[in-house]
Amino acid sequence: MRTVHSLKELRAILRGYRQQEKTIGLVPTMGNLHEGHISLVRKAAEAADIVVTSIFVNPMQFGANEDLDTYPRTLIDDQNKLSEAGNTLVFAPSAEEVYPDGLARHTRIVVPEVSDGHCGASRPGHFEGVATVVSVLFNMIQPDFAVFGEKDFQQLAVIRKMARDLMMPVEVIGAPTIREEDGLAKSSRNSYLSENERKMAPVIYQTLQATAAKIADGHADFQMLAKVADDRLRDAGLRLDYFNIANSQTLKPAAPGDSEITLLAAAFLGTTRLIDNISVIR
Ligand code: PAF
């Protein structure tokens, strides 16, 4: 397993692979890797000859009051985990490499509609930052495909639309959420939770599951279902950001006739914001 920091070096290595007609898969990450990320790398390795795992804590996707400064940077640990996961090339660029003219002067990508609502409403500019860095990474690496976790359901929808709209020759692949035994979705931010908050956290997935089961049973009063879910999360001691029931394709509020529905939730435990989602096909 090799780690490169410069685009020049990366391109020289990838040129060699391309000449040998090898397929290249990309797994973009912000590091602090856990089993969820490793599952993305393994999925990419099933289809690609070469997997590039990028590790870059992208300043453009963090809001002013968010955890950019404290976001865990754990490159050595991440390298160790990746070397166990198989043949991956790690690309860990600096902010100067990704944004040579600085953040404020960098071209930005805005993906309309699917970026609205949900996390887009609570974190203005977040998906602009995500879409921009992912498009830069796609151009730097020029992978045949890229794998993203379904845990960030709205992010996956934003990236899919961006790649489609901009005719990017990259297949965007979603991979299932990896969970702890008690159902909590694996996330780098779980490490922020206190012991007590960690015990409370599975209620997010439990509430999603209970609401999804009602929808699968034919309940279609989505406002009422969301209200019951809100109350359950608040009663459990969480500070709710949102609990939304949406059409899986458009991410707009679900209509009773929709056949593919995704429930998306975001809630704070102390200062830690966790997100999760579940999809139902009716
Ligand atoms: O999901 C993440 O870790 C990030 O949003 C991504 C896709 C690596 C872009 O910085």
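I'm trying to understand the selection: among the residues of segment 129-173, which are under 22 Å from ALA45 (Cβ atoms), small (Gly, Ala, Ser) and within 10 Å of the ligand (Cβ to nearest atom)? Passing the criteria: ALA146, GLY149.
Filter segment 79-107 for residues that are within 24 Å of TYR17 (Cα to Cα) and among the acidic types (Asp, Glu); which is modelled with the lowest pLDDT? Here the answer is GLU84.
The residue that is farthest from SER39 (Cα to Cα), among those in segment 174-198 that are within 14 Å of the ligand (Cβ to nearest atom) and open to solvent by 40 Å² or more (accessible area, probe 1.4 Å), is ARG189.
For segment 239-265, the set of residues classified as out of contact with any helix residue (DSSP H, G or I) (no Cβ under 7 Å at 6 or more places or on another chain) and either in a loop (DSSP other than H, G, I, E, B) or of a type in the set (Gly, Ala, Ser) (or both) consists of ALA246, SER248, GLN249, THR250, LYS252, ALA255, PRO256, GLY257, ASP258, SER259, listed by residue number.
Checking GLU46, GLU9 one by one, the residue that is open to solvent by 30 Å² or more (accessible area, probe 1.4 Å), closer than 23 Å to ARG73 by Cα and charged (D, E, K, R) is GLU9 and no other.
Against the criterion of being of a type in the set (Ser, Thr, Tyr), touching a residue at least 12 places away in the same chain (Cβ under 8 Å), assigned to a helix (DSSP H, G or I) and within 15 Å of the ligand (Cβ to nearest atom), SER54 does not qualify. Scanning segment 48-71 for any residue that is among the polar types (S, T, N, Q) and farther than 26 Å from ASP276 by Cβ turns up nothing. Candidates in segment 104-115 are the residues that are open to solvent by 60 Å² or more (accessible area, probe 1.4 Å) and without any contact (Cβ under 8 Å) to a residue 60 or more places away in the chain; of these, the one that is nearest to the ligand (Cβ to nearest atom) is ARG108. Of all residues in segment 57-75, those being open to solvent by 30 Å² or more (accessible area, probe 1.4 Å), within 12 Å of the ligand (Cβ to nearest atom) and among the hydroxyl-bearing types (Ser, Thr, Tyr) number 0.
Looking at GLU46, GLU35, just one residue is more than 15 Å from the ligand (Cβ to nearest atom) and under 23 Å from VAL172 (Cβ atoms), and that residue is GLU46.
Scan segment 91-100 and give yes if some residue there is under 25 Å from VAL147 (Cβ atoms), hydroxyl-bearing (Ser, Thr, Tyr) and surrounded by fewer than 13 Cβ atoms within 10 Å (Cβ to Cβ), otherwise no. Taking every residue of segment 91-100 in turn, at least one turns out to be under 25 Å from VAL147 (Cβ atoms), hydroxyl-bearing (Ser, Thr, Tyr) and surrounded by fewer than 13 Cβ atoms within 10 Å (Cβ to Cβ). Residue count for segment 12-37 satisfying the condition of being open to solvent by 20 Å² or more (accessible area, probe 1.4 Å) and hydrophobic (A, V, I, L, M, F, W, C): 3. Being hydroxyl-bearing (Ser, Thr, Tyr), open to solvent by 10 Å² or more (accessible area, probe 1.4 Å) and touching a Phe, Trp or Tyr at 6+ places or on another chain (Cβ under 8 Å) is true of SER122. When you scan segment 138-153, do you find a residue that is part of a loop (DSSP other than H, G, I, E, B), more than 30 Å from PHE243 (Cβ to Cβ), open to solvent by 10 Å² or more (accessible area, probe 1.4 Å) and without any contact (Cβ under 8 Å) to a residue 40 or more places away in the chain, even just one? No: zero hits.
Here ILE38 passes the criteria (1) assigned to a helix (DSSP H, G or I); (2) of a type in the set (A, V, I, L, M); (3) over 16 Å from the mean Cα position of the chain (by Cα) except the one numbered (3).
The values are calculated or read from the model by the stated rules, or taken from the named source; none is laboratory data. A quick note: this is a predicted structure, and the numbers were derived from the prediction, not measured. Positions of Cβ are generated from backbone atoms using ideal geometry, with glycine treated the same way; all protein chains shown enter the neighbour counts. With ligands, DNA and RNA removed, areas are computed over all heavy atoms of the protein, side chains included. Shrake-Rupley method; radii C 1.70, N 1.55, O 1.52, S 1.80 Å.
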